[in-house]
Structure formats: structure tokens, C-alpha cells
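We did not get these values from a lab; they are worked out from the coordinates using the rules stated. In this text, all values refer to a predicted model and were calculated from it rather than measured experimentally. Every residue, glycine as well, gets a Cβ built from its backbone with ideal geometry; the counts of neighbours run over all protein chains shown.
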Amino acid sequence: MGQPQQPEGAGAEEAAAGTDSGTDTGTGAGAGAATGASATRPPLRVGMVGYAFMGAAHSQGWRTAGRVFDLPLNPVLAAICGRDADAVRLAADRHGWASTETDWRTLVERDDIDLVDICTPGDSHSEIALAALAAGKHVLCEKPLANTVEEAQAMTRAAEEAAARGQLAMVGFNYRRVPATALARRMVAEGRVGRLRHLRVTYLQDWLVDPKAPLTWRLRKELAGSGALGDLGAHIVDLAQYLSGERIAGVSALTETFVRERPLPAGAPRGLSAGSADGVTGQVTVDDAAVFTGRLTSGALVSFEATRYATGRKNALRIELNGERGSLAFDLERLNELSYHDGTEPGEHAGFRRILVTEPEHPYLEAWWPPGHGLGYEHTFVHQARDLVHAVAEGRGPEPSFADGLQVQRVLAAVEESAEKNSVYTPITP
Ligand SMILES: NC(=O)c1ccc[n+]([C@@H]2O[C@H](COP(=O)([O-])OP(=O)(O)OC[C@H]3O[C@@H](n4cnc5c(N)ncnc54)[C@H](O)[C@@H]3O)[C@@H](O)[C@H]2O)c1
């Protein structure tokens, strides 16, 4: 947890591809300069399970990483898996996968797959990851790692055993791979904010404000594990631990389910939305919102808020760190920026300043566009693919590891336990 201050993998050879000056359109050498060499590199053959929201995002990552970054292996979109044969074939065409499967068990056993990428709801993460590791594959698993601590423990044990055989396992906390959050981590590690006192972390969405929004898998405990907590809270718990380089040692929590019954969806849900069938309703069995405080191992205090009911907030992940020497602030809705206050400057000139995180010296930016030509959400998945390819090629354990995912799972479980006990402070045993 919290080790990498730089994006994983080599970087020098990627440098400056996109900094051809004299163009204001960004069409110089720019992104894509690595394409020519990719065909001569050994392949990393990916098999992906699930093809909706994260399936599309990960496809984009695998397709693009080797075209922008100079990778040691060439990611090949070998096979995509879903349960509906026609739908998965359409997804394969749309996202560029060479073949399809309708049973993930067949996919993980295929000899022509090196890495299994799990983009399904949490109820299937553990089973697929264990089978893929047993079949000798590397694994990338979406967050949260699992639906329970027990599942996450079994996955972590299997990943550690597989590591001895040279297999890697990583969990998809992609917000570590926003250049601005990676820069924030680097600055914390460099001591630019000093000893941490406070972290303030919120992740706010509003797609459940309408009480008639349908009861998709995200609102059913047996499929999702938890609600806003596991979906949004998992990201901010991981970010808090990653940025601070510390563990959360204990929490006090409140959770709430504001709308307890919702229309059942008509047909297969897609992404965050789905149509609803008239008149038929079902029970919401997860939290709609979670608010909790926590203590880092150093004694710094953290406040967290994760909700799907913050009217007007679409994907507002915000984090502020206050240390003895300075502060950092990040807002995912302005993801090319990082705010920094250097508390050692004379008061006369001190204040928060905006760092535009688009310089080639910034994490991941060496291979992208000229300064000021910003990146977006999808690039986090390109960076995730890039880092994992480097880790595989170099035989290094990637971060975040399954052990990191397990630690997040322990925090989520402690939040639920605390909320059940009227917010009693609940320590988290590593
Ligand atoms: N990293 C992020 O920012 C982020 C964002 C959203 C979701 N997620 C995570 O990604 C995972 C998937 O979420 P999503 O938003 O893509 O969901 P989704 O509903 O959009 O897609 C889920 C996919 O899994 C498939 N699927 C479900 N069960 C399956 C099974 N047993 N076998 C084969 N395919 C199966 C569905 O058909 C669908 O294609 C979840 O763990 C979620 O928490 C991460």
C-alpha cells in the first residue's frame, strides 16, 4: 500500500513523444507515437469477463496503452466473455476483441490467454479470480476486490501463492492513476505537506435521487456486497490510504438507506441506469449513503462521505490533505488540476495555487499531449493497463495488490459493523 510515488515501470523511453512544439492542436508526435513497434513485442493476451461499463472502460485501456506508451509487451484483446452470446459478440465488435466466450470458466482455461480481467459485479470476483489464478493466469480485478472480507482473504492468499509461480494480481483502483493524484502522492512522499493532520474525502453522486430509479444489481447486497459504501467508499478509502501511505486504523460510521423499495428493472441493466418494469418493486438491501470518520496509523484524522443522493453532484470525488507544512486538494471533476498550499512560504504571498498537471514531468504525461491539453476519466484505465503490463514484463508485484484490496475490504466491513452499533469506534486489525 502506498509505495509508488511514480507510475510503475520504466518511463524514460516514453519521454517527450508528445511535446513537439509549434503546434497548438496537439497533433505533433503526440500520443500514438509508440504504435509502430508494438507488433514486434511479445504479446500479453487478455481475456476479459463483463462487457458493460467497466468492460468498455478497460477495453479502451487495453486498446490504447500500447499505442501511447512504449510498452515491453503488446496487449492483445484476445477474448471477451459474457453470458448472452449475441450481446457479447456485439461488444467484441464494438470494443475490438478477437473472440468471444459465454462461460468465464472456459475463458480462464484457454491456453491462449495470459491475463484475466474481471469486470463483473462483486459477487463473481472471488470465484473468477481464484479459478484464473489456479489456471496460471495473471489477474486484474475491478474494485471492490470482493463482497466480503473472507472472500478477499481467500483471494489474497491465492494471489500470494500465485506470485511464487510468477503470476501477478492487481485490483482496479483506477483513481490512483489520475496524473494529479499520482503527483499528490509523490508530493506527500517528498514531505511537501509534512506530517499529516487531516484528510477530508468525499465521493458524491446523485443517480439515485429519483425514488423510481430501478433496483439494479448495485442495490442488492447479494450481488454488490454493499451500496455507496463498497462502490464509492472503496475508492476513497483506497485513495486516503494511498495518498497518505498509511493504513486506516479504525472508524466510526453512519449508513442510511433512504429509499427502501424500488421498481425492478426491465431487461438487463446497463451501467448505472436501466429501464424499469411497471408496478413490480423489490427491496433495496444496501446502503444509499455512508458517512464515517477514521484515524490513520499516525493519528491523523479522516472524514469520509460516500453517497448516491448528493443532488447535482455527478462524480464528485474530492480529497484534501492538511499537513504541518502544507495542504493538497484534488477534485475529480477538474482532474487536470491539483491545488497546493506551501505553508512554509511567508504569509504575505502564501495561498493555494493551482498546478496544471499536464507537464511532461508529471506522472504519465510524458507520452501524452503538449502541456495544457488535458486528460480525462478514460485515461486512468490506459494508465492502469500500462502499469500492469510493465509489472508483468518486469515480474514485479503490481499495486494496488490484492492485499491492498483486502485492507480496503476490512475498512468497509468495520464501517458496516460500526454503523450497526450506533457508530461505536471500530478498530481495524491488519
Ligand atoms: N473503477 C471504477 O471506477 C469502477 C466504476 C464502475 C464500476 N466498477 C466496478 O466494476 C465492476 C463491474 O461494474 P460495471 O459498472 O461495469 O457493471 P455493469 O452492470 O455495467 O457490467 C457488468 C457486466 O458483468 C456481466 N456479468 C455479470 N455477471 C456475470 C457472470 N457471472 N459471468 C459473466 N458476465 C457477467 C454483465 O453481463 C455485464 O456485462 C464492479 O465490481 C464495480 O464495482 C468500477
- Query: From a point 7 Å beyond the Cα of residue 197 in the direction of its Cβ, which residues of segment 315-332 have a backbone N at a distance under 20 Å?
  - Reply: 319-330
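Which order do the peptides 358-371, 115-128 come out in when sorted by mean C-beta neighbours inside 10 angstrom, highest first?
Details: 358-371: 20.9, 115-128: 23.5.
Top to bottom by mean Cβ count within 10 Å: 115-128, 358-371.
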- Task: Using the number of other C-beta atoms within 10 angstrom as an exposure proxy, rank 246, 394, 348 with the fewest first.
- Result: 348, 394, 246
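Note down the net charge around residue 126, summing +1 for each Lys or Arg and -1 for each Asp or Glu among other residues with Cβ under 10 Å from its Cβ.
On the way: positive: none; negative: 123, 127, 150, 151.
Once positives and negatives cancel, what remains is -4.
Please compute the net charge surrounding residue 110, taking Lys and Arg as +1 and Asp and Glu as -1 over other residues with Cβ under 13 Å from its Cβ. The partial results should precede the final answer.
On the way: positive: 45, 105, 137; negative: 101, 103, 109, 111, 112, 114.
Neighbour charge sum, excluding residue 110 itself: -3.
Given an 8 Å cut-off on Cα distances and at least 6 residues of separation, report the relative contact order of the chain as a percent. Provide the component values of the computation, followed by the final result.
Values: 1022 pairs, mean separation 96.1, N = 430.
Once divided by the residue count of the chain, the mean separation gives 22 percent.
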- Note on the structure: With label points set 7 Å from each Cα along the Cα-to-Cβ direction at residue 212 and residue 344, the distance between them in nm comes to 5.9
- Mind jotting down the three principal axis lengths of the chain based on Cα atoms? Whole angstrom, largest first. 60, 55, 43
- Task: Extending each Cα 7 Å along its Cβ direction at residue 301 and residue 87, get the distance between those two points in nm, one decimal.
- Result: 4.7
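Using DSSP, restrict attention to beta bridges with both residues in the chain and report what percent are antiparallel, rounded to the nearest 5. Walk me through the numbers before you get to the answer.
Working: 44 of 73 bridges.
Antiparallel: roughly 60 percent of the beta bridges in the chain.
Taking the Cβ-Cβ separation of residue 102 and residue 352 as r and a Förster radius of 51 Å, what is the calculated FRET efficiency to the nearest 0.05? Display every interim value, and only then the final one.
Details: r = 52 Å, r/R0 = 1.03.
In this case the efficiency is close to 0.45.
Roughly speaking, what is the stretch gain from residue 264 to residue 281, that is 0.36 nm per residue apart minus the C-alpha to C-alpha distance, in nm to one decimal? Write out the running numbers ahead of the final one.
On the way: separation 17, 0.36 × 17 = 6.12 nm, distance 0.51 nm.
Going from the current span to full extension adds 5.6 nm.
So how do 413-421, 137-145, 253-261 stack up, highest first, on mean other-Cβ count within 10 Å? Let's see the in-between values first.
Values: 413-421: 19.8, 137-145: 26.9, 253-261: 16.6.
The densest-packed peptide leads the list: 137-145, 413-421, 253-261.
Which peptide among 306-312, 82-88, 64-70 comes first, and what is the full order, when sorted by highest mean count of other Cβ atoms within 10 Å?
On the way: 306-312: 19.1, 82-88: 15.7, 64-70: 23.7.
For the peptides 306-312, 82-88, 64-70, the packing ranking is 64-70, 306-312, 82-88.
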- Within the set of other residues whose C-beta is less than 12 Å from the C-beta of residue 426, count the net charge using Lys and Arg as +1 and Asp and Glu as -1. 0
